[in-house]
Amino acid sequence: MKRNIILGLLLSLSIGLLGNSLQAKTYQIGNLVITNPWARASAGMMKNGAAYIAKLMNNGQTQDRLIAVSSAIAKKVELHLRSVENGIAIMRHVDGLNLKPGKSAVLRPGGYHIMMMGLHAPLKIGQSFPITLTFEKAGKIEVVFTVRKSGSSYGSKMDHGKMKHGKIKP
């Protein structure tokens, strides 16, 4: 009987901890809400990686703009956009991402994302690391990104190491 009670308590505790770890992380700066920041685990010794945000919501009455990203995780960290031009996938640095009032944006595979070039070490599942997001009006906020397995989430697998990187304006 005592053993069953202890096992029941341990099971309840495990389920509670698992539930907490699966909850989306949320950050707020001014009227901006940043939900569920994550990055893909590195494939082997890849020197580049990408980070994403499931939802970036502007609850304010005026437009704001994500104008910079920075982190010590890599030699260079930039906001990028993947697009298709004449049937060819192109990934380029962009100067910013407009956040219209009352609207949300998503940073996801196949679209806007945070590109980390020259990673100092491969990204491993379960690892967390900070990226500072700078907004034109709201200012700077440090957001912790959690690394997920390489095939995670919303889209196609991309080999960022073999893509050509250029610069476009959104």
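Laboratory data are not the source of any read-out in this text; all were calculated from the coordinates shown. Note that the coordinates shown come from a computational prediction; the quantities given were computed from them, not determined experimentally. Please note: Cβ atoms are built from the backbone with ideal geometry, for glycine as well, and neighbour counts cover all protein chains shown.
Once you've got the Cα coordinates, tell me which of 55/149; 75/100; 103/124 are over 29 Å apart. Where the Cα-Cα span goes over 29 Å, the pairs concerned are 75/100; 103/124. Under a Cβ-Cβ cut-off of 9 Å, what is the net charge of the residues other than residue 34 that fall near it, where Lys and Arg count +1 and Asp and Glu count -1? Combined, the nearby Lys, Arg, Asp and Glu give +2. For residue 149 and residue 83, the difference between the fully extended length at 0.36 nm per residue and the C-alpha to C-alpha distance is 21.4 nm. Straightening the chain between residue 142 and residue 124 buys 4.5 nm, computed as 0.36 nm per residue apart minus the Cα-Cα spacing.
About the centre of its Cα atoms, the range 67-119 shows a dipole size close to 120 debye [charges on the beta carbon of Lys, Arg (+1) and Asp, Glu (-1) only; nearest 20 debye].
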